[in-house]
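To keep things clear, I will list the structure first and then write my remarks on it.
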Number of protein chains: 4
Amino acid sequence: MIVVMRKDAEKNDLEGVIERIEGVGLDVHLSEGVEHTIVGVVGDVRHIRPEDLQVLPGVLRVVRIMHPFKLASREFQGETTEIVLNGCSIGGSAVTVMAGPCAVEDRETLLETARGVRAAGAQVLRGGAFKPRTSPYSFQGLGEEGLQIMAEAREETGLLIVTEVLSPGDVELVSGYADILQIGARNMQNYSLLHEVGASDRPVLLKRGMMSSVEEWLMAAEYVLSGGNHRVMLCERGIRTFEGYTRNTLDLSAVPLVKSLSHLPVVVDPSHGTGRSDLVPAMSRAAVAAGADGLLVEVHPRPEKALSDGPQSLTIPGFEALMEGLDPVARSIDRSVAVAGCTG
Amino acid sequence: MIVVMRKDAEKNDLEGVIERIEGVGLDVHLSEGVEHTIVGVVGDVRHIRPEDLQVLPGVLRVVRIMHPFKLASREFQGETTEIVLNGCSIGGSAVTVMAGPCAVEDRETLLETARGVRAAGAQVLRGGAFKPRTSPYSFQGLGEEGLQIMAEAREETGLLIVTEVLSPGDVELVSGYADILQIGARNMQNYSLLHEVGASDRPVLLKRGMMSSVEEWLMAAEYVLSGGNHRVMLCERGIRTFEGYTRNTLDLSAVPLVKSLSHLPVVVDPSHGTGRSDLVPAMSRAAVAAGADGLLVEVHPRPEKALSDGPQSLTIPGFEALMEGLDPVARSIDRSVAVAGCTG
Amino acid sequence: MIVVMRKDAEKNDLEGVIERIEGVGLDVHLSEGVEHTIVGVVGDVRHIRPEDLQVLPGVLRVVRIMHPFKLASREFQGETTEIVLNGCSIGGSAVTVMAGPCAVEDRETLLETARGVRAAGAQVLRGGAFKPRTSPYSFQGLGEEGLQIMAEAREETGLLIVTEVLSPGDVELVSGYADILQIGARNMQNYSLLHEVGASDRPVLLKRGMMSSVEEWLMAAEYVLSGGNHRVMLCERGIRTFEGYTRNTLDLSAVPLVKSLSHLPVVVDPSHGTGRSDLVPAMSRAAVAAGADGLLVEVHPRPEKALSDGPQSLTIPGFEALMEGLDPVARSIDRSVAVAGCTG
Amino acid sequence: MIVVMRKDAEKNDLEGVIERIEGVGLDVHLSEGVEHTIVGVVGDVRHIRPEDLQVLPGVLRVVRIMHPFKLASREFQGETTEIVLNGCSIGGSAVTVMAGPCAVEDRETLLETARGVRAAGAQVLRGGAFKPRTSPYSFQGLGEEGLQIMAEAREETGLLIVTEVLSPGDVELVSGYADILQIGARNMQNYSLLHEVGASDRPVLLKRGMMSSVEEWLMAAEYVLSGGNHRVMLCERGIRTFEGYTRNTLDLSAVPLVKSLSHLPVVVDPSHGTGRSDLVPAMSRAAVAAGADGLLVEVHPRPEKALSDGPQSLTIPGFEALMEGLDPVARSIDRSVAVAGCTG
């Protein structure tokens, strides 16, 4: 971190800056410029924030040199994290496909979907038992019953299961069923929840908040990592912009960007990212071409009857068509789509 | 709600739409247009969402006619909600001022601040004991000790206290100390938490999410109201935009807008809204002129030593100057600033 | 400007940076930090951009210390620019009110509007003869005939007139009629047009682009100022965000912000800023309380018949009511609303 | 278009709505619902805007059923427009690559770049002679001299040339040199300029404004098309969001979206879209996988010496590497990259 003093800063302003830096155990390096004195902060700057120094008298600008995340950074770990679960690897050379309904609605529909996506080549089954809904009057999910249905589908199909956990108090319950804990976009900065999944032994799929910068997203991952849980995968799901034809704006540039900043695997959710099933196949291909390690796709046997997110759900035949076109794209960049059920 | 069918919709498409609507206990009203058949949905449309119908075969557009919130709406309750606490009224003709530090840092500093803002005319003391921080390495608040210090400040000064609750599991603890429970911007869509404060007997100050629409904000209030807690006040605190000179973009048009849509009182936080203490006085005056029922202002005796949000905190003399200029603005629109400590 | 070199930068990287800086006639000041070498750029840094240096081998970060605008800055001119026209002062202690229809539609309607806003207390008449319309099928304005009607209204009422110029080729024509040339939001970065009005002797009202940062806005003003035209006023008219209940998000914090950065007067357009006539009065009062030097308000005798922007236009009685409430707000911050027609 | 009347609308409100619709030569179709009367507008609704009806007394909501663009729509022309120039086809099955520097800086550098991108496989040379620069103190381009240099490069390499036109008055001059006229993002709603290029016989590459919706972008294309120029290609170049690690957020979902709404070819500019040359290759591949008909890529032999946009420019070897990886991606979706110089 570098502090640029104002031209008219006085001696005791400079002393105040130095005192504040040294007060948290860091060192300073002074440099008298022609117009401005510059104070370099030496040491582990995670213990001081630019704002802490910006507010001091005589300070013109504070410039952060290092990223504020550490455990999530490529500097900390050069090699990409590979999360291996039951023979499936997320973050390896093969692209993982996670598919299923927005919400678990009933046993029959879920099993039908699970069989369909397994047959089409998915490795992981998605489905929500606890649903964060904008309206208190909307379907809120089946709760534990939904988790039991997911577990039954895993039993039958061999698919891994990923499902959302909404509340710190539910982490233990959900961990009893799920292979991967999903933190939803609305909870990306729910630090109590991040703290709790940081203490869990389940891998975490951390969605980007719809209003979150890449830096804030990596800081949220840092919460989980610093809690001791190193199996974090990041999921880009679209950010909010002014554009109205799509539900969100899918930020695919976040894929190569995050992969350059961090060693964590990156998954893309083109369903929430666009909100329109007609755009999902093209954006799935684009996500793979951009370097995504996985996809999270909404599939429902009858989207027109889905209790949530019907407009962005592929049918099972639609998902089959997507899967057929996906492997050639993966191979064009020297990757592949993972084998169905990871059993191969 | 109105469903516009495609020109080429077939008879069984129309039947599917009717079936879906009637399936949730609503009625339909059909109208054959020159080009499009239109299906009107008759009844309490909170039980069906536009997306549920949009996805049906043959549907061109679904148009919502009513707002999705009910208990929060002016249609439901014409008169503005007035929240009366210990002689203080929020939502009445006088403007309530809530002031204090971002975080409770230590007993002496908090008491000094409380005395200062009480003397300058505030009615409510703000201060965080549980802090949602972007970095896991930043100060996370004093927890219950912070609440005890807040309670001591109330004891001494007579100020009401408002403080943030981060987790459903903490609602009971925080309610044991706080007069008003604050839901922070990052938790506006933390539905587990909204559910819990909805069951509490404490008034709730619900901050707008930094990328939440006014409609989503009112739907979040609807969660609390539908839980049985009718004492909700809304707090505009700036939304996230591309502008970089300010921390957020304070959306003051939300004040008259929300007051036309809803009966709930609206408070404005110019400190987070701008992130710059130099802009707080002008934006406080503007908020009052726009019709805000209250202000939430960060004040710290020594912003340069604050553990968080120093750059946006007023000093005590700065706050005194703000308060002096505020009452004339309130009077220019036939309101006033509430009497200090509400004891008058 | 300060260049922070990477830890692993080599000697010839540093030499390359120095060469580039000296190549545009600037000097360098070197400082060896513990981890990074820092290169200070000494001289008029408008001649080099951070990007020019950022791309050089071995460079980690480039930090701009000075604002990129000069003539528009408070450092260049401490005193607020006051633009005096026919006895009206924009930027003085009185708040100027500019009012009128979006577009000049016909002679009778414009004259009726002009008389109405003059009687209610306006000083300037707005009205567009050349209209930038999203659709090529919408009314594009009356062109020169519209300007003639505006001039006739000035003749009769004594109001000054402000009207938009869309194209460099029209500046001369429009200057023949207008007292103030308006540059619309869509043209804020139309540099050919800015260049042309910079050479004009007419004052310029420069609207903020709906996607423009405050810095870009001041840089657009810099274009006009550097062309030799010093009579520029800035107009905040709302920026584009995700919020859908309003047409734009009126950024009132831009008022005190710009007034701290620049000596130019700031006008607020609450009509485009909100897109809703019901929000215009509250936002007009808020703009004045925030420190605006003027308002630009859409008024139409029959908004329901307006060829454009009806939903955001006040009726003449609506404008009269606004004006009545405005002066007390101005007086509450020790200003006033200017006398009608500036003749007082 | 459908007008939903308020429950409490009176008879003369309804008559007013009907009168307004019939007044522009359209017909109405009335439908009495249980709660609301609905007025359907029958005929070519481009002649009336929702706002025109929204403002009428008694109107609750106006709903547009049709897109406001016509000539640009897939309904108007089902087949994708193919723009054939000198043997190159833009919008056909092969992906066109346009590459070159941001600005033409000098003859030698441009020729070197042209030879480099031609050898690597490009079909079109990009390069700006008239530059829209944020600062009046930055390099503004070589003007006509730059056009002459571009023409010389075409002569030597056989590449087509695309270059930006900034002002209506320059369209004739630029058309004398350019094969394709580029309308930059800042000028997407410069209607005088759109009008002028609409009357030109040169194909137009229309960049999306950085904060323009897809609908506004297609309406801008409609201006050019309705002027009689049918050879329009659209160029996505990133939109402005809150994310700061990238210069813009490249909205690749716009590619399949626009291609479903419109018959016009879509080009992607990953250089401006990200602002970072390290992200350009991945985003180029993603753009092709998403279905883009072309790419517009900034290439400079020595980005560190570029007068503009160095940080987002590929070197010539960098561009060669990109081109090598691109064809396999195109083939994975049954397309190909066009043959160098279109001569094959």
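The values are calculated or read from the model by the stated rules, or taken from the named source; none is laboratory data. Because the structure is a prediction, the values reported are computed rather than measured. Cβ coordinates were reconstructed from backbone atoms using ideal geometry, including for glycine residues, and neighbour counts include every protein chain displayed.
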Could you list, in sequence order, all residues of the range B:199-228 that are touching a residue at least 60 places away in the same chain (Cβ under 8 Å) and either within 12 Å of chain A (Cβ to nearest Cβ) or under 24 Å from residue A:185 (Cα atoms) (or both)?
-> B:205, B:207, B:215, B:218, B:219, B:221, B:222, B:225, B:226
Cβ-Cβ below 7 Å, separation at least six or inter-chain, first residue in the range D:90-115 and touching a residue at least 60 places away in the same chain (Cβ under 8 Å), second among the basic types (Lys, Arg) and not in a helix (DSSP H, G or I): which pairs?
-> D:93/D:335; D:94/D:335; D:95/D:335; D:98/D:126; D:99/D:126; D:100/D:126; D:103/D:131
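Yes/no matrix, rows are residues, columns are (1) among the basic types (Lys, Arg); (2) crowded, with 24+ Cβ neighbours inside 10 Å; (3) under 24 Å from residue B:280 (Cβ atoms):
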residue: C:252; (1), (2), (3): no, yes, yes
residue: C:255; (1), (2), (3): no, yes, yes
residue: C:263; (1), (2), (3): no, no, yes
residue: C:266; (1), (2), (3): no, yes, yes
residue: C:284; (1), (2), (3): no, yes, yes
residue: C:294; (1), (2), (3): no, yes, yes
residue: C:299; (1), (2), (3): no, yes, no
residue: C:325; (1), (2), (3): no, no, no
Which ones in the range A:44-67 are within 8 Å of another protein chain (Cβ to nearest Cβ), surrounded by fewer than 20 Cβ atoms within 10 Å (Cβ to Cβ) and closer than 23 Å to residue B:140 by Cβ?
-> A:46, A:47, A:51, A:54
Of these, C:21, C:38, which one is at pLDDT 90 or above and among the aliphatic types (A, V, I, L, M)?
-> C:21
Looking at the range C:1-41, which of its residues are over 16 Å from residue C:62 (Cβ atoms), free of Cβ contacts under 8 Å to residues at least 24 places away in the same chain and either at the interface with another protein chain (Cβ under 8 Å from one of its Cβ atoms) or in a strand (DSSP E or B) (or both)?
-> C:27, C:32, C:34
When you look at residue D:80, is it assigned to a strand (DSSP E or B) and either surrounded by fewer than 22 Cβ atoms within 10 Å (Cβ to Cβ) or in the same structural domain as residue D:317 (by TED's automatic domain parsing) (or both), yes or no?
-> no
For residue C:43, the lone unmet condition from (1) on the phi > 0 side of the Ramachandran plot; (2) in the same structural domain as residue C:163 (by TED's automatic domain parsing) is (2)
Scanning the range B:197-242 residue by residue, those acidic (Asp, Glu) and surrounded by 24 or more Cβ atoms within 10 Å (Cβ to Cβ) turn out to be B:222, B:236
State all residues of the range C:173-198 that are among the charged types (D, E, K, R), within 11 Å of chain D (Cβ to nearest Cβ) and either more than 12 Å from the chain's Cα centre (by Cα) or over 24 Å from residue C:253 (Cα atoms) (or both); if no residue qualifies, say none.
-> C:196
So which residues in the range D:1-55 are acidic (Asp, Glu) and touching a Ser or Thr at 6+ places or on another chain (Cβ under 9 Å)?
-> D:32, D:51, D:52
In the range B:30-72, what count of residues is obtained for those that are among the basic types (Lys, Arg) and more than 23 Å from residue B:220 (Cβ to Cβ)?
-> 1
Go through (1) in the same structural domain as residue D:331 (by TED's automatic domain parsing); (2) part of a helix (DSSP H, G or I) and name the single condition residue D:92 misses.
-> (2)
Does any residue of the range D:187-197 turn out to be among the hydrophobic types (A, V, I, L, M, F, W, C) and farther than 29 Å from residue C:221 by Cα?
-> no
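Can you go through B:85, B:71 and tell me which one is in contact (Cβ under 8 Å) with a residue 60 or more places away in the chain and closer than 23 Å to residue B:172 by Cα?
Just one listed residue meets the conditions, B:85.
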So residue A:109 fits all but one of (1) under 21 Å from residue B:48 (Cα atoms); (2) touching a helix residue (DSSP H, G or I) at 6+ places or on another chain (Cβ under 6 Å); (3) β-branched (Val, Ile, Thr); what number is the exception?
-> (2)
